[in-house]
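J.: Would you mind keeping the following structure in view while I ask a few things?
Nothing in this text is a laboratory measurement; each read-out follows from the coordinates by a stated rule. If you're wondering where the values come from, they're calculated on a predicted model, not measured in any experiment. Please note: Cβ atoms are built from the backbone with ideal geometry, for glycine as well, and neighbour counts cover all protein chains shown.
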């Protein structure tokens with residue numbers, strides 16, 4: 001079982017100056033997000049069926065999106081050149 | 001002192017090579033050892049967890065460095081999510097890929113082939129070193 005990422009780190013610097021530096025403990029928000037998903041699941045399934053016209057897609061879309069979000073754990077992107085730096089990290 | 005370094009110094013002492021040649025050989029040996037040290041030892045076949053792409057580009061004058069680590073689990077999840085793309089949208093994507101010269105038919109990438117694809121990626125190692133630009137792609 002893969003757990004969702006607990007922390008997200010976003011850092012953007014340009015011209016030597018820090019533009020954005022975010023450290024988000026998203027683990028705190030997961031219980032609330034999970035509760036909202038459970039409440040909104042029936043509406044989401046109906047909306048997916050109306051849009052995609054497929055029961056299979058409507059039922060699988062939500063779980064697969066969640067699986068993809070959980071798989072973000074460990075993603076690391078570092079890009080740096082002379083003028084700017086971008087760092088994205090999910091832990 | 002490694003055997004290779006000793007051999008180079010012995011050749012220099014015996015005047016088989018001059019100082020410039022010895023220096024070039026030692027520099028090449030250091031680069032090779034450095035690249036070998038950086039190469040990760042895979043845990044075992046099929047146990048790799050991340051796809052790593054590193055680019056070190058000094059050729060453009062901007063000294064750009066890129067280091068991306070993608071969890072292989074994300075590739076699995078992305079391919080499974082991609083299997084839900086509606087048929088007409090998938091056809092448009094295939095056309096767009098074709099226009100860019102990328103011949104990939106997403107209909108042929110099925111979730112049951114994912115493990116085979118990931119296993120193949122685990123054996124993938126790309127090392128490009130060209131006039132100030134270094135590109136490495138590997139699984140760890």
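J.: If you check residue A:85 against the conditions, is it touching a strand residue (DSSP E or B) at 6+ places or on another chain (Cβ under 7 Å) and either over 29 Å from residue B:89 (Cβ atoms) or within 14 Å of chain B (Cβ to nearest Cβ) (or both)?
T.: yes
J.: Let me ask something additional. If I ask for residues that are surrounded by 16 or more Cβ atoms within 10 Å (Cβ to Cβ), more than 7 Å from chain A (Cβ to nearest Cβ) and not in a strand (DSSP E or B), which ones from the stretch B:53-73 would you list?
T.: B:72
J.: Name the residue, out of A:80, A:58, that is touching a strand residue (DSSP E or B) at 6+ places or on another chain (Cβ under 8 Å), surrounded by 15 or more Cβ atoms within 10 Å (Cβ to Cβ), within 14 Å of chain B (Cβ to nearest Cβ) and farther than 23 Å from residue B:75 by Cβ.
T.: The conditions single out A:80.
J.: Return the residue satisfying two criteria in turn: it lies in the stretch A:62-91 and is touching a helix residue (DSSP H, G or I) at 6+ places or on another chain (Cβ under 7 Å) and assigned to a loop (DSSP other than H, G, I, E, B), and of such residues it is farthest from residue B:83 (Cα to Cα).
T.: A:75
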